[in-house]
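Heads up: the structure comes next, in structure tokens.
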């Protein structure tokens, strides 16, 4: 009987300790500017790669945070791509989106499984597992890589998509 009460008291103490050690965070929604996700021609049937780089300052992204900015958690909530309207555009199939920063490895962040038409905007399916986003934000430079399938044989011009990515970022207070 004493062991039962001692166990309950110990569990309660651990829970109180865990709650009191949890850091206070503030949640922010951060959206990239519209980026040029560009593949340089000539391009050929099959897989082709397009890239866009977003450089930013944590101080500019979070002006309301005082002192050092520490990114506690980050996750992607949406990825939108749209073919550039003022350019010729080949027949394009599905797209896999990945990202990389200076101190992170390449990680898959999204997938589009339909053929891309020139007059439409597309929301990619967001990857369930998102790793190293906090580190990527601390690097203050993220490169997005879109691998897309081209469905025609040759295309000699550049292919450009408008890319916009939205994140939910928690910073320590």
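The values are calculated or read from the model by the stated rules, or taken from the named source; none is laboratory data. Since this is a predicted model, take the numbers as computed values, not measurements. Cβ sites come from the backbone with ideal geometry, for glycine too, and all protein chains shown count toward neighbours.
Residues in the stretch 110-126 that are in contact with a strand residue (DSSP E or B) (Cβ under 6 Å, 6 or more places away or on another chain) and either surrounded by fewer than 19 Cβ atoms within 10 Å (Cβ to Cβ) or closer than 21 Å to residue 61 by Cα (or both): how many?
9
Checking residue 66 against (1) over 14 Å from the mean Cα position of the chain (by Cα); (2) modelled with pLDDT of 95 or more, which test does it fail?
Answer for residue 66: the failing condition is (2).
Considering each of 66, 134 in turn, give the residue that is more than 23 Å from residue 159 (Cβ to Cβ) and surrounded by 13 or more Cβ atoms within 10 Å (Cβ to Cβ).
It is 134.
Working only within the stretch 151-165, note down all residues that are farther than 15 Å from residue 114 by Cβ and surrounded by 16 or more Cβ atoms within 10 Å (Cβ to Cβ).
155, 158, 159, 160, 162, 163, 164, 165
Checking residue 142 against (1) closer than 22 Å to residue 111 by Cβ; (2) surrounded by fewer than 21 Cβ atoms within 10 Å (Cβ to Cβ): exactly one of these is not met. Which one?
Among (1) closer than 22 Å to residue 111 by Cβ; (2) surrounded by fewer than 21 Cβ atoms within 10 Å (Cβ to Cβ), residue 142 violates only (2).
So the check is Cβ under 6 Å with 6+ separation or different chains; which pairs have a first residue in the stretch 46-65 that's more than 30 Å from residue 93 (Cβ to Cβ) and a second one that's in a loop (DSSP other than H, G, I, E, B) and modelled with pLDDT under 95?
What qualifies is 58/69; 62/69.
Is it the case that residue 41 is in contact with a strand residue (DSSP E or B) (Cβ under 9 Å, 6 or more places away or on another chain), surrounded by fewer than 16 Cβ atoms within 10 Å (Cβ to Cβ), touching a residue at least 12 places away in the same chain (Cβ under 8 Å) and on the phi > 0 side of the Ramachandran plot?
Answer is no for this residue.
Of 95, 87, which residue is at pLDDT 95 or above and within 24 Å of residue 44 (Cα to Cα)?
The conditions single out 95.
Hey, residue 91 hits all of (1) out of contact with any helix residue (DSSP H, G or I) (no Cβ under 7 Å at 6 or more places or on another chain); (2) surrounded by fewer than 19 Cβ atoms within 10 Å (Cβ to Cβ); (3) closer than 17 Å to residue 33 by Cα; (4) touching a residue at least 60 places away in the same chain (Cβ under 8 Å) but one; which does it fall short on?
(3)
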